[in-house]
Amino acid sequence: MTWIELTEESQLDEIKVQSKEKPQVIFKHSTRCSISSMAKSRLERAPSFPDINYYLLDLIQHRNVSQKIAEDFQVHHESPQILLIKDGNCVYDESHSGINMDEIVGLVPVS
């Protein structure tokens, strides 16, 4: 899995546009949380798919981006949290031990 660092609010507009072509995943990661580290490790061990872009947000360093995600995609902020963005909208979000790549891939037509 290759992470794209999410560090600027302006990237959210790019994610919305790109999500019309292929699904976008945002993982909100707290570097201070062992549960977040375990969830990130599980994601990185799971098979990744080239038909999906994977964004990693260090929400400790970029709280403003995390808040903007909650506003733009109308989701309650949690940490760790994963979102699947398709056609400009969040179609799936999960947190903590519920984070599972199999569920995400099940929602994405992978070629």
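Please give the length that would be gained between S48 and T31 if that part of the chain were fully extended, namely 0.36 nm times their separation in residues minus their C-alpha to C-alpha distance (nm, one decimal). Walk me through the numbers on the way to the answer.
On the way: separation 17, 0.36 × 17 = 6.12 nm, distance 2.18 nm.
Result for the pair: 3.9 nm of gain on full extension.
Relative to the present Cα-Cα distance, how much length would full extension add between S41 and T2 at 0.36 nm per residue of separation?
Working: separation 39, 0.36 × 39 = 14.04 nm, distance 1.28 nm.
In short, 12.8 nm is gained.
Which of Y55, Y92 comes first, and how do the rest follow, when ranked by fewest Cβ neighbours within 10 Å? Walk me through the numbers on the way to the answer.
Numbers: Y55 23, Y92 17.
Ordered from fewest to most neighbouring Cβ atoms within 10 Å, Y55, Y92 come out as Y92, Y55.
Name the residue farthest towards the positive end of the dipole of the chain from the options H77, V65, S36, assuming +1 on Cβ of Lys and Arg, -1 on Cβ of Asp and Glu, about the Cα centre.
Comparing the listed Cα positions along the dipole, S36 ranks first.
Grab the beta carbon distance between E71 and Q18, set R0 = 22 Å, and tell me the FRET efficiency rounded to 0.05. List each step's numbers first, then the result.
On the way: r = 19 Å, r/R0 = 0.87.
Efficiency at R0 = 22 Å is approximately 0.70.
Kindly give the semi-axes, whole Å and largest first, of the ellipsoid equivalent to the range 8-58, taking each as the square root of 5 times a Cα gyration tensor eigenvalue.
22, 15, 5
Spelling out what I want: for every residue of the range 79-92, take phi, set θ = phi - 60°, compute 6.51 cos²θ - 1.76 cosθ + 1.60 (Karplus), and round to whole Hz; glycine and proline get x.
Per-residue couplings from phi come out as 8, x, 8, 10, 10, 10, 10, 9, 6, x, 10, 7, 9, 7 Hz.
Please list the non-local residues whose amide H lies under 5 Å from the amide H of I60, H modeled 1.01 Å from N, same-chain partners needing a gap of 5 or more.
Amide H neighbours of I60: T31.
Taking H as built 1.01 Å from N, whose amide H comes closer than 5 Å to the amide H of Y55, not counting residues under 5 places away?
Distant-sequence amide H within range of Y55: I4, V25, I26, F27.
Pull out the extension gain between R63 and S10, defined as 0.36 nm times the separation in residues minus the alpha carbon to alpha carbon distance; nm, one decimal. Please report the intermediate quantities before stating the final value.
Working: separation 53, 0.36 × 53 = 19.08 nm, distance 1.39 nm.
That works out to 17.7 nm of additional length.
Counting each DSSP H run of 4 or more residues in the chain as -39500 (n - 2.57), what helix-only mean residue ellipticity at 222 nm follows after dividing by all residues, to the nearest 500 deg cm²/dmol?
Taking each H run of at least 4 residues, the total per residue is -10000 deg cm²/dmol.
Report, for the chain, the % of DSSP beta bridges that are antiparallel, rounded to 5. Please list the in-between numbers first.
On the way: 11 of 20 bridges.
Percentage antiparallel, nearest 5: 55.
Give me D for the chain in µm² s⁻¹, whole number, from Stokes-Einstein with Rh from the Kirkwood sum over alpha-carbon pairs, 4 °C and 1.567 mPa s.
Values: Rh = 13.7 Å.
Approximately 95 µm²/s, per Stokes-Einstein.
Quick one: order K86, K28, K40 by neighbouring beta-carbon count within 10 Å, fewest to most. Spell out each step's value before the answer.
Details: K86 15, K28 27, K40 21.
Fewest to most other Cβ atoms nearby, the residues stand as K86, K40, K28.
Any idea what the dipole of the chain comes to, in debye rounded to 20, about its Cα centre with Lys/Arg Cβ at +1 and Asp/Glu Cβ at -1? Numbers along the way, then the final one.
On the way: 11 positive and 17 negative charges, 57 e Å.
That gives the chain a dipole magnitude of about 280 debye.
Most exposed first by the Cβ proxy, i.e. fewest other Cβ within 10 Å, how do L6, L56 rank?
On the way: L6 24, L56 19.
With the fewest neighbours first, L6, L56 line up as L56, L6.
Throughout, read-outs are computed from the coordinates displayed, never taken from laboratory work. Here the structure is a predicted model, which is why all the values come from computation and not from measurement. Cβ sites come from the backbone with ideal geometry, for glycine too, and all protein chains shown count toward neighbours.
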